[in-house]
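Shown next, in structure tokens, is the structure this report addresses.
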Amino acid sequence: MSDTPVVLVNCTVADSLRRVPDAAVLIRGERIAAVGPREEVIPQVDAATLVDLDGAHLTPGLVNMHTHFSLSLPGAGGERVASFTPHELALYMADGARRTLQCGVTAVRCVAEKDHADFALRRAVDAGRVSGPRIYTAGRALVCTGGHGHEGSDTLECDGADDFRRGARTQIKMGADLIKVMISGGIAGRHERIDTPQLFADEMAAVIGTAHAWGRKVTAHAGPAAVIAQAVELGLDCVEHGYQLTPEVAAAMAARGTALVPTLLVTRCKEFFDELGVPEWMQCRSLGAGPRHLESFAMALAAGVEVLLGSDMPPFWSFEGTNATVRELEYLSEYGLGPARALYAATLGPARWLGAEADLGTVEAGRYADLIAMDADPLAATSAFRTIRWVMKGGRVVRDDRAGGERV
Ligand SMILES: [Zn+2]
């Protein structure tokens with residue numbers, strides 16, 4: 001990377017704080033140095049590489065808060081991933097990371113990855129050996145014996161409070177940024193139901209207390225309201241899926257500041273399941289949970305719960321004419337969030353949950369230059385993210401569907 005600053009021009013900046021038409025964004029190294037109306041920014045610059053964005057809308061890069069680069073569902077497609085050697089798995093995950101960044105997802109929160117390969121992937125991305133988003137990861141998810149997802153090396157079985165403490169500490173020792181715990185059954189486990197409670201209160205308290213003592217937040221895979229209510233009371237920071245919320249538990253989440261990553265895609269992705277050969281019983285359970293899942297989402301919105309973007313499906317996966325990340329964001333928007341809050345749920349909201357708002361989530365001086373440009377206006381319609389054609393991470397252009405910028 002040269003030391004010459006870069007100025008992005010001929011664009012409208014849109015983030016969760018403001019909208020700046022005919023903006024200029026000055027980038028020095030990997031961070032944004034100035035943003036504002038073109039006539040204010042340009043005089044601050046001596047020599048710079050000018051990049052004309054052709055009237056694009058420029059937003060912060062997307063942050064996908066529920067990803068698994070090593071996902072293996074039941075069925076032929078998943079079995080192939082589950083049978084990879086460690087070397088094959090690492091390369092497969094690196095490929096997923098590259099594809100994810102190309103989609104405009106400049107940061108992810110991994111919430112269960114196999115064999116601690118996520119930590120190697122994060123180091124490789126940070127060192128520039130692999131192209132990919134910034135990775136915040138939970139390492140392996142904690143689960144009771146036989147609990148949700150116990151079949152793979154992306155979970156760690158624990159039983160009893162002491163064991164769950166050891167599990168949380170083990171992930172932190174490996175480098176986990178957060179802890180993921182499975183507190184109820186789910187869609188992908190044949191011998192459990194979505195509403196099977198799986199942890200006792202002392203086990204949940206052990207996970208949450210240990211993680212918080214070490215400065216890590218906890219997110220829980222959770223479906224039924226009663227289990228979620230108990231965990232929220234114990235200080236849980238985020239709920240994944242939330243298939244069966246009630247107005248009462250939604251109100252409790254809003255009052256305690258517990259976020260929700262609804263992953264609406266997982267109960268409406270038949271095309272994806274068919275592609276992977278996911279068996280009939282799982283498809284029925286998933287698609288059958290869809291209407292209740294949407295009711296839950298509506299309750300969360302009505303209560304004012306903080307909603308964040310997360311696809312669960314591999315973030316880059318081609319789906320319904322776009323990729324899984326953008327499709328999930330469209331669903332969030334369409335089912336009640338609307339375009340402005342959808343943009344927040346994909347940028348500043350995740351940055352705040354991750355404690356990374358000084359680095360990510362807005363187009364402001366001091367933040368990483370993690371930016372995406374698209375033809376359509378994301379504040380008019382969330383489908384604008386289908387028109388992403390340019391991606392920058394840390395001041396480096398990693399995708400440009402046109403010819404390169406103009407050097408002046
Ligand atoms: Zn998941």
Checklist line | Cα long-axis angle, helix 86-102 against the chain (0 to 90 degrees, to the nearest 10) | finding: 50 degrees
Margin query: Tell me whether region 62-353 comes out rounded, prolate or oblate; compute the Cα gyration tensor, take square roots of the eigenvalues as a ≥ b ≥ c, and use a/c under 1.5 as the rounded threshold.
Written below: rounded
Notebook entry, point to check: Treating the beta-carbon of each Lys and Arg as +1 and of each Asp and Glu as -1, no other charges, what is the dipole magnitude of the chain about its Cα centre, to the nearest 20 debye?
Noted result: 500 debye
Notebook entry, point to check: Using a 1.4 Å probe on the protein chains only, how many percent of the accessible area of the chain belongs to carbon and sulfur?
Noted result: 51 percent
Notebook entry, point to check: How far is helix 117-126 tilted, in degrees, relative to the longest principal axis of the Cα atoms in the chain, given as a value from 0 to 90 rounded to the nearest 10?
Noted result: 10 degrees
Notebook entry, point to check: Can you list residues whose amide H is under 5 Å from S184's amide H, if they're 5+ apart or on another chain and H is modeled 1.01 Å from N?
Noted result: Q198, G223
Next item on the list: Please work out the Cα center distance from region 104-120 to region 243-294, rounded to the nearest Å.
Entry: 21 Å
Margin query: Could you sort the peptides 259-270, 289-300 by per-residue average Cβ neighbour count (10 Å cutoff), highest mean leading?
Written below: 259-270, 289-300
Checklist line | Residue-wise HN-Hα coupling along region 336-341, computed from phi with Karplus coefficients 6.51, -1.76, 1.60 (Hz; x: Gly, Pro) | finding: x, 6, x, x, 5, 6
Next item on the list: With springs connecting C-alpha atoms under 10 Å apart, model the chain as a Gaussian network and identify which of A373, A94, A201 has the largest mean-square fluctuation.
Entry: A201
Next item on the list: Using a 1.4 angstrom probe, figure out how much accessible area the chain has per residue, in square angstrom, rounded to the nearest whole.
Entry: 37 Å²
Next item on the list: Please figure out what share of the DSSP beta bridges in the chain is antiparallel and state it in percent, rounded to the nearest 5.
Entry: 45 percent
Notebook entry, point to check: For the chain, what is the calculated [θ] at 222 nm in deg cm²/dmol (nearest 500), taking -39500 (n - 2.57) for each run of four or more DSSP H residues and dividing by its residue count?
Noted result: -10000 deg cm²/dmol
Next item on the list: Just need the relative contact order of region 267-408 here, percent rounded to a whole number, with Cα pairs under 8 Å and 6+ apart.
Entry: 14 percent
Next item on the list: Rank-order 19-31, 53-65 by packing density, defined as the average count of other C-beta atoms within 10 Å over each peptide's residues, highest first.
Entry: 53-65, 19-31
Checklist line | Under Karplus coefficients 6.51, -1.76 and 1.60, residue-wise ³J(HN,Hα) of region 185-193 in Hz, glycine/proline x | finding: x, x, 7, 8, x, 5, 8, 10, 10
Check: Where both partners of a DSSP beta bridge lie in region 1-101, what percent of those bridges are antiparallel, to the nearest 5?
Finding: 65 percent
Check: Can you run phi through the Karplus equation (6.51, -1.76, 1.60; θ = phi - 60°) for region 132-148 and list ³J(HN,Hα) in whole Hz, with x for Gly and Pro?
Finding: x, x, 5, 10, 10, 9, 9, x, 8, 7, 8, 8, 6, 3, x, x, 4
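The values are calculated or read from the model by the stated rules, or taken from the named source; none is laboratory data. Values in this document were obtained by computation on a predicted structure and should not be read as measured data. We place every Cβ from the backbone using ideal geometry, glycine too, and count neighbours over all the protein chains shown. Just the protein is used for accessible areas: all its heavy atoms, side chains included, with ligands, DNA and RNA removed. Shrake-Rupley method; radii C 1.70, N 1.55, O 1.52, S 1.80 Å.
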